[in-house]
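One structure is given below, encoded as structure tokens.
The values are calculated or read from the model by the stated rules, or taken from the named source; none is laboratory data. Keep in mind that this is a model prediction, so the values were computed, not measured. Here the Cβ positions follow ideal geometry from the backbone for every residue, glycine too, while neighbour counts run over all protein chains shown. The accessibility values were calculated without ligands, DNA or RNA, using every heavy atom of the protein model including side chains. Shrake-Rupley method; radii C 1.70, N 1.55, O 1.52, S 1.80 Å.
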Amino acid sequence: MIHITRRERFSSAHKLYRSDWSDEKNLETFGKCSNPNWHGHNYELFVTVKGDINPETGFLIDLRVLKQIILEEVIEKLDHRNVNLDVDFMQGKMASTEVMAVEIFNLLAPRIQAEGAILHSVKLCETENNFIEYFGK
């Protein structure tokens, strides 16, 4: 079995808050990430797929196809968007990086499987110091 990772980047705004909490409780829990006027990040997304090499092509997956799947399912929906307001797959969910990573995994897994590979993990870097890795259920 071999693993291949593709990196993409996007910029998005979000805020962490619960509408059923007071501004004070949101600030206490989420700090400056609860800023009422949002805040943004330049995210890096690492998508790792695994499987066996196709003896005819020498590929696990055609990287052009993997890139297109990531662009269609993730980048086009998140880049220069407000995660809380504009992103269909995040509606009604906490806009944390943890939840985003899980939802991105769930979007990508079936498309990658249809190409004969298995989605191994999604790594979403919010800052150079903070990142989330999700390996599925």
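Numbers at a glance
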read-out: Which listed pairs, of Lys25/Lys137; Lys67/Lys123; Lys25/Lys93; Lys93/Lys137; Lys77/Lys137, have C-alpha distances above 21 Å, in listed order; value: Lys25/Lys137; Lys77/Lys137
read-out: Neighbourhood charge, 11 Å Cβ-Cβ cut-off, centred on Phe30 and excluding it, Lys, Arg +1 and Asp, Glu -1; value: +2
read-out: Alpha-carbon centroid distance for the pair region 2-48 / region 59-75, whole angstrom; value: 24 Å
read-out: Candidate lysines - alpha carbon under 18 Å from Lys32, same-chain residues fewer than 8 apart omitted; value: Lys15
read-out: Net dipole in debye of the chain [+1 Lys, Arg Cβ; -1 Asp, Glu Cβ; about Cα centre; nearest 20]; value: 80 debye
read-out: When region 1-96 is reduced to its Cα atoms, the Kirkwood hydrodynamic radius in Å; value: 15.6 Å
read-out: 15 Å beta-carbon shell around His80, net charge (K/R +1, D/E -1); value: -1
read-out: Cα-based shape type of region 89-129, given that a ≥ b ≥ c are square roots of the gyration tensor eigenvalues and the cut on a/c is 1.5; value: oblate
read-out: Between 0 and 90°, nearest 10: helix 97-114 axis offset from the chain longest Cα axis; value: 20 degrees
read-out: In Å², nearest 10: area of Ile2 left accessible to a 1.4 Å probe; value: 60 Å²
